[in-house]
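Trainee: Sharing a structure here in structure tokens format.
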Amino acid sequence: MLSRSACRISRKLSCTRALSTQSTPQIQNSVFVSQSTDPLFNLSFEDWLFRHSPPDKPLLFLYRNSPCVVIGRNQNPWKEVNMRALRERDVPLVRRRSGGGTVYHDLGNTNFSIHLARRVFDRRTTAALVLRAVQSLGIPRARLNDRNDLCVGEDKMSPAPTAVHVSGSAYKIVNTRAYHHGTMLIATQLDALGDLLRSETETMVTAGVASVRSPVCNLQQSTSHIEHSVFARAVEREFRREYTIDDKADPPQLIDESTSTGPYIENGITELKSWDWLYGQTPEFTYTISETFAWGSVTAKVRAKHAVILSCAFDAPDAPPHISRMLDALGTEAEGQRYGSWLHDGDEKDRQGAEGRNGGEVSEGGVEEALTGVRGWLARMLR
């Protein structure tokens, strides 16, 4: 059973946390299977395991999440994700605590997390464990690429390589512990994956980690009998074989939100939901956009760090002086505003955004209409 004496979490963000130096809770099991599909709970439970487990104990955590998009610790959500499609599909965005690229989760995707002592941790070894599990299910053409991602099909040395990804991985190492976690596409909604991970911000330049785009497919396209429980059992079987863990003496533990871990997970969920974590961890970026209005063309160069706008400079060489002054004032207003929420104090301005475009000449008295048009354009583009 899990101990009720889990340590209280620091209120600081995860990047400042260290592994617990207080008494370690009595984590007796080696395999944990989540019955929850809440991504915030599952990622927080994973972090609890990572930071409270005995230094040398191998652990396996298996879980599924309801539909969500999960970005890496050092990524820019506006660069990685189609934020418009995210809103239209009402899919939540989550920033995990490990690095790596952006992934889409739903109930057709199974997540695995393998925790080990840092001194024995090897990415190729843990990836090979998952590979053997997949091959044991009747997919002999499964293989690992040079990034330790699992693919199905011919390798790149073949005359006509056709390998596509079915899994992606990320890693985290802190002090004496390390983990390798990844996704396994079994029967995921690939149309949703494609729509949500196809960003519309080609002109955005970011200091964040960029995802490596790859073609993907589901395991069920290779063999239809595979489902979540079948894959999970196969991974558990290979994990026990690799680390000599008996299933009778050490059975898997089912967990959900009622599992007692003290306040750590509750605090972890609060952190993952916070603006400071979800958006405020975004590295510095610059986004350059252009538009044509009745009074002329304008280019905006927006620079932001930690999702707070540092500057918004407009270049409008053909604008009348009164429009130029309006743009200068708008640029000053932008400084210090939260990127993504600035100008969204109401949808009316967004709906009226076209009023300043494709119309007649803008007179000195038409500054308000021009301002409405520019604000509406920025509201759409910077969201």
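Trainee: For the list (1) in a strand (DSSP E or B); (2) surrounded by fewer than 16 Cβ atoms within 10 Å (Cβ to Cβ); (3) among the hydrophobic types (A, V, I, L, M, F, W, C), I need the number of the one condition that Ala329 fails.
Mentor: (1)
Trainee: Continuing with this model, one more query. Any residue at all in region 361-376 that's in contact with a strand residue (DSSP E or B) (Cβ under 8 Å, 6 or more places away or on another chain), part of a helix (DSSP H, G or I) and at pLDDT 95 or above?
Mentor: Yes; the residues of region 361-376 include at least one that is in contact with a strand residue (DSSP E or B) (Cβ under 8 Å, 6 or more places away or on another chain), part of a helix (DSSP H, G or I) and at pLDDT 95 or above.
Trainee: Going by the conditions given, is Arg4 more than 19 Å from Val70 (Cα to Cα), touching a Gly at 6+ places or on another chain (Cβ under 7 Å) and either in a loop (DSSP other than H, G, I, E, B) or modelled with pLDDT of 95 or more (or both)?
Mentor: Judged against the criteria, Arg4 is a match.
Trainee: Additional query: Go through region 251-310 and give me each residue that's at positive phi and without any contact (Cβ under 8 Å) to a residue 40 or more places away in the chain.
Mentor: Gly296, His306, Ala307
Trainee: Identify all residues within region 255-275 that are in contact with a helix residue (DSSP H, G or I) (Cβ under 6 Å, 6 or more places away or on another chain) and of a type in the set (S, T, N, Q); write none if there are none.
Mentor: The answer is Thr261, and nothing else.
Trainee: Of the residues in region 217-238, how many are part of a helix (DSSP H, G or I) and under 20 Å from Tyr104 (Cα atoms)?
Mentor: Total meeting the criteria: 7.
Trainee: Can you name every residue in region 215-234 that is under 15 Å from Leu60 (Cα atoms) and touching a residue at least 12 places away in the same chain (Cβ under 8 Å)?
Mentor: Phe231, Ala232, Ala234
Trainee: Counting only residues that are crowded, with 22+ Cβ neighbours inside 10 Å, give me the strands (runs of 3 or more DSSP E) lying completely in region 78-140 with at least 2 of them.
Mentor: Of the strands (runs of 3 or more DSSP E) lying wholly inside region 78-140, those with at least 2 residues that are crowded, with 22+ Cβ neighbours inside 10 Å span 103-105, 109-117.
Trainee: Something else: Could you pull out the residue among Leu272, Leu310 that is in the same structural domain as Asp47 (by TED's automatic domain parsing), touching a strand residue (DSSP E or B) at 6+ places or on another chain (Cβ under 7 Å) and at pLDDT 95 or above?
Mentor: Criteria check complete, one pass: Leu272.
Trainee: Now for a different question. Determine, yes or no, whether Ala127 is farther than 30 Å from Pro77 by Cβ and not acidic (Asp, Glu).
Mentor: Criteria not met by Ala127.
Trainee: For the condition assigned by TED's automatic domain parsing to the domain that holds Ser222 and closer than 27 Å to Thr244 by Cβ, what is the one hit in Phe112, Phe41?
Mentor: Step by step, each of Phe112, Phe41 is checked, and only Phe112 is assigned by TED's automatic domain parsing to the domain that holds Ser222 and closer than 27 Å to Thr244 by Cβ.
The values are calculated or read from the model by the stated rules, or taken from the named source; none is laboratory data. Fair warning: this is a prediction, and the values are worked out from it, not measured in the lab. Note that we place each Cβ from the backbone using ideal geometry, even for glycine, and neighbour counts take in every protein chain shown.
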